[in-house]
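**Student:** Quick one: this structure, given as structure tokens, is what I'll be asking you about.
Bear in mind these aren't lab numbers, they're just calculated from the coordinates by the rules spelled out. Every value quoted in this text rests on a predicted model; they were computed, and no experiment measured them. We place every Cβ from the backbone using ideal geometry, glycine too, and count neighbours over all the protein chains shown.
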Amino acid sequence: MQESNFITVLGLTAGVLTTIAYLPQLIKTWKSKSAHDLSWSMLIVLCTGIILWLVYGAYIHDIPIIAANIVTFLFAGMILVLKIKYK
């Protein structure tokens with residue numbers, strides 16, 4: 001495997017793992033209909049950081065960063081929406 005392919009696979013793997021880390025929290029929040037234990041400031045800072053990573057990834061044309069942060073933003077954004085909904 002060429003070094004550039006290895007680096008891309010490494011980036012995609014890291015992106016998948018850090019992205020799916022939010023899935024259990026999303027499922028738990030959805031099932032329990034409670035996001036009481038989740039901090040507003042954490043969710044807002046997290047979503048802002050994800051958007052900045054997405055902009056950065058687009059700027060440098062890095063598919064692993066773009067793909068991972070789109071999905072991560074969807075998960076974190078859904079958690080934020082559920083926090084608002086279950087207030």
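**Student:** Just from its helices, what would the mean residue ellipticity at 222 nm be for the chain, if runs of 4 or more DSSP H residues each count -39500 (n - 2.57) and the sum is divided by every residue, rounded to the nearest 500 deg cm²/dmol?
**Tutor:** Working: 4 runs with 72 residues, N = 87.
After summing the helix terms and dividing by the residues of the chain, the value is -28000 deg cm²/dmol.
**Student:** What does the C-alpha gyration tensor say about the overall shape of the range 20-71? Classify as rounded when a/c is under 1.5, otherwise prolate if a/b is larger than b/c, or oblate.
**Tutor:** In terms of gyration-tensor shape, oblate.
**Student:** Count the net charge of all other residues whose Cβ sits under 14 Å from the Cβ of SER39, scoring Lys and Arg as +1 and Asp and Glu as -1. Display every interim value, and only then the final one.
**Tutor:** Numbers: positive: LYS83, LYS87; negative: ASP37.
Here the count lands on +1.
**Student:** Could you pull out the trypsin sites (Lys or Arg not before Pro) across the range 1-58 that fall in loop regions by DSSP (anything but H, G, I, E, B) with no more than 14 other Cβ atoms inside 10 Å? Write down the numbers at each step before the final one.
**Tutor:** On the way: sites: LYS28, LYS31, LYS33; in loops: LYS33.
Hits after loop and neighbour filter: LYS33.
**Student:** Stretched out fully, how many nm does the piece from ASP37 to ALA21 gain, at 0.36 nm a residue minus the Cα gap? Walk me through the numbers before you get to the answer.
**Tutor:** Values: separation 16, 0.36 × 16 = 5.76 nm, distance 1.71 nm.
Answer, rounded to one decimal: 4.0 nm.
**Student:** Follow-up. Rounded to the nearest 20 debye, what is the charge dipole size of the range 6-87 about its Cα centre when +1 sits on each Lys and Arg Cβ and -1 on each Asp and Glu Cβ? Provide the component values of the computation, followed by the final result.
**Tutor:** Numbers: 6 positive and 2 negative charges, 99 e Å.
With Lys and Arg at +1 and Asp and Glu at -1, about 480 debye.
**Student:** What are the DSSP H helices in the chain that stretch 24 Å or more along their long axis, judged by alpha-carbon atoms, and whose average Kyte-Doolittle hydropathy comes to at least 1.0? Present the calculation step by step, with values, prior to reporting the outcome.
**Tutor:** Working: long enough: 3-20 (25 Å, 1.22); 40-60 (30 Å, 1.96); 63-85 (32 Å, 1.99).
TM-like helix candidates: 3-20, 40-60, 63-85.
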